[in-house]
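Participant: Shown below is the structure under consideration.
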Amino acid sequence: MRCQSATSTFTRTLTVAAGVFAPGHLGELTKYLPFELVDAVLAETGTVQRRLRSLPSRVGVYFVLALGLFPQLGYAKVWDKLVVGLTGLPVPHAVGEGPA
């Protein structure tokens, strides 16, 4: 049998979130798991927030993934790692905690 190979070029359009939760702001995870993919999964599973609250559903996905990456840390410390690039911006904090 003879093998044939071909070259294909794929172009894709990325949709990015604006503001505090823009790509890159939530750490390295946004480089490997783009917002558009997370949003598509949330839409397909019917779990997108109905109203925009302090934290969009997509941020919850990234937070859960970060919890898996740092199982030895508590929620607050994982959140701090996730939003470390947002210094100086208004970011929600855990109840009873002030700005980091």
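The values are calculated or read from the model by the stated rules, or taken from the named source; none is laboratory data. Keep in mind that this is a model prediction, so the values were computed, not measured. Note: areas computed on protein heavy atoms with side chains; ligands, DNA, RNA excluded. Shrake-Rupley method; radii C 1.70, N 1.55, O 1.52, S 1.80 Å.
Participant: Quick one: is P99 part of a loop (DSSP other than H, G, I, E, B), at pLDDT 75 or above and more than 13 Å from the chain's Cα centre (by Cα)?
Facilitator: Working: part of a loop (DSSP other than H, G, I, E, B): yes; at pLDDT 75 or above: no; more than 13 Å from the chain's Cα centre (by Cα): yes.
Answer is no for this residue.
Participant: Can you tell me which residues in the range 66-83 are in a loop (DSSP other than H, G, I, E, B) and open to solvent by 60 Å² or more (accessible area, probe 1.4 Å)?
Facilitator: Across the range 66-83, the qualifying residues are F70, P71, Q72.
Participant: Among the residues of the range 40-60, write down those that are of a type outside the set (A, V, I, L, M, F, W, C), open to solvent by 50 Å² or more (accessible area, probe 1.4 Å) and not in a loop (DSSP other than H, G, I, E, B). Reasoning before the result, please.
Facilitator: We begin by selecting, within the range 40-60, every residue of a type outside the set (A, V, I, L, M, F, W, C); these are 44-47, 49-51, 53-54, 56-58, 60.
Within this subset, residues satisfying the condition of being open to solvent by 50 Å² or more (accessible area, probe 1.4 Å) are 44-47, 49-51, 53-54, 58.
Hits for the range 40-60 are E44, R58.
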